[in-house]
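Derivation of every value follows stated rules applied to the coordinates shown; laboratory data play no part. Just so it is clear, the model here is predicted, and its values are computed rather than measured. Quick reminder, even Gly has a Cβ in these numbers, built from the backbone with ideal geometry, and neighbours come from all protein chains shown.
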Amino acid sequence: MIHIGIVDNDDCALIAISSLIRATSKDFSVVWQVNDAQQALAHTFHYSPKAQVIVMDMGLCGICGTQICECIRRHDATVGIIGITAYPTELYRDDCIHAGAQALIEKRRLAYGENIAPLIRSAARGLPYPSGSGFYDTHTAYQLLRTTKEHDARTLTNRELIVLKLYANHCSTNQIAQRLKITPATVFSHVRNAVGKLDASDKREAIQLCLKQHLF
């Protein structure tokens with residue numbers, strides 16, 4: 001059984017993709033489906049059951065799917081990631097490769113009957129699809145990202161900066177959650193996302209990088 005997670009900000013597309021995957025093979029189990037990037041990170045890092053393959057839309061609200069993909073890959077060398085998009089794949093291909101995905105496919109190709117099963121089975125083994133496509137296996141992608149430093153804190157979202165600033169001002173996680181009207185799990189997701197983007201070792205280093213760049 002291959003456990004699969006799906007993230008797409010379009011609820012109709014989310015339901016359609018989930019139904020398609022379930023109908024494709026009895027060996028595929030959709031263990032979570034969410035319409036928000038932060039929920040996807042929470043499921044990936046904090047909740048069970050874990051997905052072996054994540055099917056991720058590239059056009060998420062407020063953030064590009066490749067950023068979430070890269071955040072996951074910098075901390076996980078095993079989960080397979082398949083990018084999906086309503087636009088021509090050329091728009092995202094290079095960014096998907098850099099972010100550590102194993103495949104990329106247009107939604108319309110799925111709508112026209114292309115079988116997603118080979119992509120899922122390959123990604124579950126940590127392998128790119130198709131072979132020779134230029135995408136890396138999960139372990140190679142992980143190693144490449146771990147040796148690439150990206151210290152530009154300007155890539156952080158406004159909410160990620162606010163969370164780090166509040167921590168820098170000695171607020172607790174619960175205080176930040178109450179102030180921003182979000183859950184503690186979402187606070188942790190913002191921190192993990194920021195740490196991943198900056199390739200920092202932890203929250204403290206991420207805060208120091210922001211301070212050095214005078215962002216708060």
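Where the centre of each part is set by its Cα atoms, how far does segment 58-81 sit from segment 167-191, in angstrom?
Each part reduced to its Cα centre gives a spacing of 22 Å.
So how far apart, in nm, are the two label points at Ala117 and Thr78 if each is 7 Å from Cα heading toward Cβ?
Taking the simple label geometry, Ala117 and Thr78 are separated by 2.6 nm.
Determine the alpha carbon to alpha carbon distance for each of Lys107/Lys181; Lys50/Lys212; Lys50/Lys165; Lys107/Lys203; Lys107/Lys165; Lys50/Lys203 and list only those over 28 Å. Please list the in-between numbers first.
Numbers: Lys107/Lys181 34 Å; Lys50/Lys212 36 Å; Lys50/Lys165 31 Å; Lys107/Lys203 36 Å; Lys107/Lys165 38 Å; Lys50/Lys203 24 Å.
From the list (Lys107/Lys181; Lys50/Lys212; Lys50/Lys165; Lys107/Lys203; Lys107/Lys165; Lys50/Lys203), the Cα-Cα distance tops 28 Å for Lys107/Lys181; Lys50/Lys212; Lys50/Lys165; Lys107/Lys203; Lys107/Lys165.
Under the Karplus relation 6.51 cos²θ - 1.76 cosθ + 1.60, θ = phi - 60°, what is the ordered set of whole-Hz ³J(HN,Hα) values for segment 49-57, x standing for Gly and Pro?
Couplings: x, 7, 7, 7, 9, 10, 9, 10, 5 Hz.
Sort 92-104, 46-58 by packing, meaning the average of other beta carbons within 10 Å per residue, with the highest value first. All intermediate terms of the calculation are to be shown ahead of the outcome.
Details: 92-104: 22.8, 46-58: 20.0.
Answer by packing, highest mean first, reads 92-104, 46-58.
Quick one, can you get me the convex hull of the C-alpha atoms of segment 153-212 expressed as volume per residue in Å³? Walk me through the intermediate numbers first.
On the way: hull volume 4.0 nm³, N = 60.
Enclosed volume per residue, from the Cα hull, is 67 Å³.
For Gln143 and Lys212, compute 0.36 nm times the residue count separating them, minus their Cα-Cα distance, and round to one decimal in nm. Walk me through the numbers on the way to the answer.
On the way: separation 69, 0.36 × 69 = 24.84 nm, distance 2.68 nm.
Gain in length upon complete extension: 22.2 nm.
Based on DSSP H runs of at least 4 residues, each adding -39500 (n - 2.57), what is the mean residue ellipticity at 222 nm of the chain after dividing by all its residues, to the nearest 500 deg cm²/dmol? Show your work: numbers first, answer last.
Working: 11 runs with 107 residues, N = 216.
So the calculated ellipticity at 222 nm is -14500 deg cm²/dmol.
Between exposed GluC sites (Glu not before Pro) in the chain, where DSSP calls loop and at most 14 other Cβ atoms lie within 10 Å, what's the longest gap?
Numbers: sites that count: Glu114, Glu150.
No qualifying site falls inside 1-113, the longest such stretch.
Treat each spin label as a single point 7 Å out from the Cα along the C-beta direction, and report the Asp10 to Ala185 distance in nm.
2.7 nm
State whether segment 2-146 is rounded, prolate or oblate according to the following rule on the C-alpha gyration tensor (a ≥ b ≥ c being the square roots of its eigenvalues): a/c under 1.5 gives rounded; otherwise a/b larger than b/c gives prolate, and the remaining case gives oblate. Present the calculation step by step, with values, prior to reporting the outcome.
Numbers: a/c = 1.21, a/b = 1.13, b/c = 1.07.
Note, shape of segment 2-146 comes out rounded.
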